[in-house]
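Remarks on the structure that follows.
The values are calculated or read from the model by the stated rules, or taken from the named source; none is laboratory data. Since the structure is predicted, the reported quantities are computational estimates derived from the model, not experimental observations. Virtual Cβ from ideal backbone geometry, glycine too; neighbours counted across all protein chains shown.
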Amino acid sequence: MAHLARKPEQPATNQEIAEATQVPSGYLAKVLQGLARAGLIVSRRGTKGGFVLARHPDEISILEVLQAVDPIRRIEACPLGLAEHAEKLCPLHRRLDEAYSLVEETFRNTTLADVADPTTPSLRAGLD
């Protein structure tokens, strides 16, 4: 998605994206299908076809991308199936779910444009 966001008007083929991101094309094809089903990308046919974003990068949250590819699973019931935790989560699992909630909120407030820009300070710090 970040690759497509860098040139939102220019279609990119599966092979181009795979080479640029070093993601195996077979796996990438499955990811692209999920993104298309979620309405985040569209496929254009023809000699100059490929995949493009369905909306502007400023309008797509990272949470939408994650939920389309590998959804964040919140803890709604005791993962251990303990009867004594049937009414409410134990303190540990409640805290874990709160952490998931913070991750969701952060990604909800982060757009694809934020992470696609190589001059973004948070990305630059990780690349140096």
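What the table shows:
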quantity: Cβ pairs under 8 Å, 6+ apart, first in the stretch 87-102 and hydroxyl-bearing (Ser, Thr, Tyr), second exposed (fewer than 15 other Cβ atoms within 10 Å of the Cβ); calculated: Tyr100/Ile72; Tyr100/Arg73; Tyr100/Arg74; Ser101/Arg74
quantity: Answer from Pro24, Pro71, Pro57 - the residue that is exposed (fewer than 11 other Cβ atoms within 10 Å of the Cβ), touching a helix residue (DSSP H, G or I) at 6+ places or on another chain (Cβ under 8 Å) and either modelled with pLDDT of 90 or more or small (Gly, Ala, Ser) (or both); calculated: Pro24
quantity: Restricting the stretch 83-106 to residues that are assigned to a helix (DSSP H, G or I) and of a type in the set (D, E, K, R), the residue that is farthest from the chain's Cα centre (by Cα); calculated: Glu84
quantity: Qualifying residue in the stretch 29-45 (condition: more than 21 Å from Thr106 (Cβ to Cβ), under 13 Å from the mean Cα position of the chain (by Cα) and part of a strand (DSSP E or B)); calculated: yes
quantity: First in the stretch 28-56 and under 14 Å from Gln10 (Cβ atoms), second anywhere and assigned to a loop (DSSP other than H, G, I, E, B), Cβ under 6 Å, 6 or more apart; calculated: Ile41/Ala54; Val42/Ala54; Arg44/Pro11; Gly49/Pro11; Gly50/Pro11; Gly50/Thr13; Val52/Pro11; Leu53/Pro8
quantity: Flag for Ser122 being in a helix (DSSP H, G or I) and at pLDDT below 85; calculated: yes
